[in-house]
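**Student:** Let me give you the structure first, and then I'll get to my questions.
Derivation of every value follows stated rules applied to the coordinates shown; laboratory data play no part. Keep in mind that what you see is a predicted model, and the values were worked out from it rather than measured.
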Amino acid sequence: MINSMTGFGEAEGQVSGVNYVVEVKAVNNRYFKAIVRLPESVAFLEEDIEKLLRKTLSRGTVNYVLRLKDMSADAFFNIDEDALRAVVEKLSRVGSSAGISGTIDIGSLLSLPGIIRPAVPDKGEAERIRKKVLEINRRALEKLMQMRAAEGAALEADLEKYCKAIRKDLERIRARSAYVLQGYAKKLKKRVNELLADAKLKLDEETLAREVAVFADRADISEELARLDSHLKQFAEVCQAKGQLGRRMDFISQEMLREANTIASKAYDAEIVRCVLDIKGQVDRIKEQAQNVE
């Protein structure tokens, strides 16, 4: 079953009056790459979240964002009152000794390093947050996987369409290849007879037969056609398999392209070459779509 690497999932839940909102976006990547963004107050969840992402998703660039909503002031941050009081006292002493009068802007002091610190939950609260957030993550990832599956079904339909077009071109090539040898023999015989006519010589039929046999061996594409057929069957089987399919699809499509190039180099016929060009175009579309498959 084909899954796309592109998807989006969102879910939210509440713990101790704080809403936790999870957004997971996934896009194409040859490997797995997770970008996790967390508020400082729940930074301790990063390892658990990344493990869950790796367990659920095998390929793609995953952008994970956890946001907190509707938070009380206590849940959001702590003010180091002792540090703030010490700063105010020092500023007051400096102002008095220097003869400087004025008011101290508390708001400006809050921007000093160490005055405001993110609230750190205790051990029991941290465990409750961890369980809830991971449960929210699973729901968000489930939605993402549903979107990936839906897009994967659309990808599978496109890939099947391209493979069907390749099969039609292969049938045209098979039908045409049966006439290529006969046509070559006729053209060769006509050409040689024209050259020998002035000399009043007769064409040696045995020599002509040997030349035609050499051409037939050199232009034989039956093995390439059989291998291309086999690749199409393998590709159809991969589409119904499970696991990481994108790389296997890319490999098989590369082999399809190799066989198509060999057919084009061995076929001495314009119609066959045109069919091969169509096949290469379909294979390129397959390779492009395979980049989207997980």
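**Student:** Search the structure for amide H atoms under 5 Å from the amide H of residue 19, placed 1.01 Å from N in the peptide plane, and list their residues when 5 or more places away or on another chain.
**Tutor:** Under 5 Å from the amide H of residue 19: 69.
**Student:** Quick one: 3J(HN,Hα) in Hz for region 159-171, Karplus 6.51/-1.76/1.60 with θ = phi - 60°, rounded, Gly and Pro as x.
**Tutor:** Couplings: 5, 5, 4, 5, 5, 4, 5, 5, 4, 5, 5, 5, 5 Hz.
**Student:** Moving on to the next point. Of the cross-linked pairs 242/280; 164/242; 69/123; 90/123; 131/287, which ones have a Cα-Cα span greater than 32 Å in the structure shown?
**Tutor:** Violating the 32 Å Cα-Cα cut-off are 90/123; 131/287.
**Student:** Amide H neighbours of residue 60 under 5 Å, counting only residues 5+ apart in sequence or on other chains, H built in-plane at 1.01 Å?
**Tutor:** Hits under the 5 Å cutoff: 29, 31, 32, 33.
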